[in-house]
Amino acid sequence: MVGDQEVIYDYDKMLSKAKQLLPNVHTSVIQGAGHALTMD
């Protein structure tokens, strides 16, 4: 999971890399959340 308001890294690139390295990974983008995903 990653927030769509992430400012530390490009979450699109991170998700692409995760899918490349882990073909069976399930990803989610949480609208309105940032880097502190569990607190936003």
Taking the Cβ of each residue in Ile30, Ile8 as the centre, tally the other Cβ atoms inside 10 Å and list the residues starting with the fewest. Ile8, Ile30
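Need one number: convex hull volume per residue for the chain, Cα atoms only, in Å³. Before the final figure, lay out each step's value.
On the way: hull volume 2.3 nm³, N = 40.
Given the Cα convex hull of the chain, per-residue volume reads 58 Å³.
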Between 0 and 90 degrees, rounded to the nearest ten: what's the tilt of helix 11-21 against the longest Cα principal axis of the chain? 30
Have a look at Val29, Ile8, Ala18 and report the one farthest towards the positive end of the charge dipole of the chain, computed about the Cα centre with Cβ charges (Lys/Arg +1, Asp/Glu -1). Ala18
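Can you tell me the relative contact order of the chain? Whole percent, Cα pairs under 8 Å, sequence separation 6 or more. Write down the numbers at each step before the final one.
Working: 45 pairs, mean separation 24.4, N = 40.
Normalised by residue count, the contact order of the chain is 61 percent.
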So how strong a dipole does the chain carry about its Cα centre when Lys and Arg Cβ are +1 and Asp and Glu Cβ are -1, to the nearest 20 debye? 220
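Every number here is computed from the coordinates shown, using simple stated rules; none is lab data. Since the model is a prediction, treat every value here as computed from it, not as a measurement. Counting neighbours? That spans all protein chains shown, and the Cβs are built from the backbone with ideal geometry, glycine included.
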